[in-house]
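Below is one structure, written out as structure tokens; the observations come after it.
The values are calculated or read from the model by the stated rules, or taken from the named source; none is laboratory data. Note that the coordinates shown come from a computational prediction; the quantities given were computed from them, not determined experimentally. Here the Cβ positions follow ideal geometry from the backbone for every residue, glycine too, while neighbour counts run over all protein chains shown. Remember, those area values only see protein heavy atoms, side chains included, never the ligands or the DNA or RNA. Shrake-Rupley method; radii C 1.70, N 1.55, O 1.52, S 1.80 Å.
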Amino acid sequence: MKTNTTKTLALLLISFAVFSCTTSQKVEESSAESSEAMEVQSKITLTKAPPSPEYPDAVLTKNSVSVVENDSMFTVDYGFDVTNYELGMQTEDAGSRGIANSGKGQHIHFIVNNGPYSAHYMPGVNNQLNEGKYVVLAFLSRSYHESVKSEGAYHIENLNVGNADGEDADLEAPHLFYSRPKGTYKGADTKKVMLDFYLLNTSISPDGNKVRATINGNEFIIDEWAPYYIEGLPLGNVAIKLELLDADGNAVPGPFNSVERSVTLGE
């Protein structure tokens with residue numbers, strides 16, 4: 001009886017050991033598979049966006065600007081004329097792009113000193129600024145926030161507000177302006193996020209100037225002026241830096257040619 005009991009205990013111990021080893025191996029395999037899956041999911045890619053509707057004849061023109069002192073701030077009102085382009089309508093391929101899109105339609109991106117743009121769906125812009133010297137850039141945008149890059153689709157100027165000291169910016173020099181991504185993305189809009197920027201007085205090419213995009217520490221060299229899609233981004237804060245470089249990889253001098261932004265991706 002004692003012998004049978006001993007044999008039974010021995011068998012149970014052997015079975016437990018085998019089960020433990022098998023379970024441990026499965027956990028390790030599962031953990032390895034999860035790590036591989038996480039690595040695949042966290043790989044950030046940057047690819048050129050497919051062609052979008054072109055507007056070669058679209059024109060944005062400033063027709064007026066007023067600066068009025070209001071307590072400690074100044075109210076700045078811009079009036080624009082828009083021809084061969086319809087503000088407020090959906091760009092025809094908006095539903096098939098798979099990226100964030102404005103339900104209010106096509107609009108103007110209005111940028112001051114390369115700060116985050118404000119979107120305007122009518123040809124007028126109202127802004128509050130402190131006394132100072134500014135560079136104002138406005139350009140036409142598709143409903144999914146992709147800039148129209150044709151020759152007449154933008155306006156840029158130095159704007160002096162109040163009794164500002166210092167020199168105006170050299171608007172004939174090469175400039176890089178940041179446009180997208182911006183703000184907070186949620187749900188399906190987090191899967192594919194558009195990167196877009198605006199170049200003035202320069203081109204980029206494999207043998208010439210380039211734009212370096214650093215996204216969560218991942219570097220990409222861009223040698224064609226076009227919108228790009230970022231995929232594989234993790235949820236949470238995303239850090240983006242854009243830099244205009246010369247053919248040798250050196251920074252191109254300019255007040256706006258290196259810019260950093262942070263956007264948020266949520267559930």
Exercise. Out of curiosity, is Asn113 surrounded by fewer than 18 Cβ atoms within 10 Å (Cβ to Cβ), free of Cβ contacts under 8 Å to residues at least 60 places away in the same chain and among the polar types (S, T, N, Q)?
Worked result: no
Exercise. Any chance segment 135-143 includes a residue that's small (Gly, Ala, Ser), open to solvent by less than 20 Å² (accessible area, probe 1.4 Å) and in contact with a His (Cβ under 6 Å, 6 or more places away or on another chain)?
Worked result: yes
Exercise. For Glu157, are the conditions met, namely being modelled with pLDDT of 95 or more, on the phi < 0 side of the Ramachandran plot and either out of contact with any Leu (no Cβ under 7 Å at 6 or more places or on another chain) or open to solvent by 10 Å² or more (accessible area, probe 1.4 Å) (or both)?
Worked result: yes
Exercise. Does segment 180-203 contain any residue that is modelled with pLDDT of 95 or more, in contact with a Pro (Cβ under 9 Å, 6 or more places away or on another chain), basic (Lys, Arg) and on the phi < 0 side of the Ramachandran plot?
Worked result: yes
Problem set entry | Qualifying position, being out of contact with any His (no Cβ under 8 Å at 6 or more places or on another chain) and free of Cβ contacts under 8 Å to residues at least 24 places away in the same chain, among Asp168, Asp207, Asp223 | Asp223
For this session: Would you mind stating whether Leu245 is touching a residue at least 24 places away in the same chain (Cβ under 8 Å) and more than 28 Å from Pro53 (Cα to Cα)?
Result: yes
Problem set entry | Cβ-Cβ under 7 Å pairs, at least 6 apart or on other chains, segment 142-158 side without any contact (Cβ under 8 Å) to a residue 40 or more places away in the chain, far side among the hydrophobic types (A, V, I, L, M, F, W, C) | Asn158/Val135; Asn158/Ala169; Asn158/Leu171
Seminar exercise, completed: The strands (runs of 3 or more DSSP E) lying wholly within segment 181-248 that contain at least 2 residues that are open to solvent by 20 Å² or more (accessible area, probe 1.4 Å) and either of a type in the set (Phe, Trp, Tyr) or touching an Asp or Glu at 6+ places or on another chain (Cβ under 9 Å) (or both) are 210-215, 236-245
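A quick yes/no check of all residues on (1) out of contact with any strand residue (DSSP E or B) (no Cβ under 6 Å at 6 or more places or on another chain); (2) surrounded by 13 or more Cβ atoms within 10 Å (Cβ to Cβ); (3) at pLDDT 95 or above; (4) not charged (D, E, K, R):
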{"residue": "Pro51", "(1), (2), (3), (4)": "yes, no, yes, yes"}
{"residue": "Tyr55", "(1), (2), (3), (4)": "yes, yes, yes, yes"}
{"residue": "Val59", "(1), (2), (3), (4)": "no, yes, yes, yes"}
{"residue": "Ser64", "(1), (2), (3), (4)": "no, no, yes, yes"}
{"residue": "Val67", "(1), (2), (3), (4)": "no, yes, yes, yes"}
{"residue": "Ser72", "(1), (2), (3), (4)": "yes, no, no, yes"}
{"residue": "Gln90", "(1), (2), (3), (4)": "yes, yes, yes, yes"}
{"residue": "Ala94", "(1), (2), (3), (4)": "yes, yes, yes, yes"}
